[in-house]
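Working notes, structure below.
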Amino acid sequence: MKQVTFGVIVGNRGFFPSHLCKDGRETILKVLEEEGRPPVLRIYLRYHQDRPVIRELVRVSKPGRRVYVGVDEIPRVRRGLGIAILSTSKGVMSDREARALRVGGELMATVW
């Protein structure tokens with residue numbers, strides 16, 4: 001379930017083509033269920049001038065070492081050009097959403 005949420009969060013920040021990001025997680029899962037397909041989401045990367053828009057994807061929190069951050073410790077990835085993905089008590093969200101809601105959580109990944 002986190003893979004779908006992760007894809008929607010990253011897609012909504014412009015890393016994927018906009019026509020692939022219009023629907024939310026619930027709509028995607030509903031369509032897949034109606035078609036009798038397993039809940040797998042295939043993601044196509046966006047390119048700009050023949051270069052991929054995502055330059056770096058780093059998994060921060062790992063099974064052997066979980067990384068938790070408070071709201072004041074949420075990193076700014078590439079001075080705000082990238083995003084950090086957090087798993088909070090209010091769900092999986094981007095760094096900007098977490099700061100706006102004033103919640104910290106597990107730092108899952110950074111995307112640049």
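Computed from the coordinates by the stated procedures, all read-outs in this text should not be read as laboratory data. All values derive from a computational prediction rather than experimental measurement. Note: ideal-geometry Cβ built from the backbone for every residue, glycine included; neighbour counts use all protein chains shown.
Here the label points at Glu56 and Trp112, each 7 Å from Cα along the C-beta direction, are separated by 0.3 nm in the simple model. Shape verdict for the stretch 55-112, please, from the Cα gyration tensor: rounded (a/c under 1.5), prolate (a/b greater than b/c) or oblate. Oblate is the answer for the stretch 55-112, as a/c is 1.5 or above yet b/c matches or exceeds a/b.
I'd like to compare 79-86, 63-70: which one has the highest average count of other Cβ atoms within 10 Å, and what's the full order after that? Write down the numbers at each step before the final one.
Values: 79-86: 18.2, 63-70: 10.1.
Packing order, densest peptide first, comes out as 79-86, 63-70.
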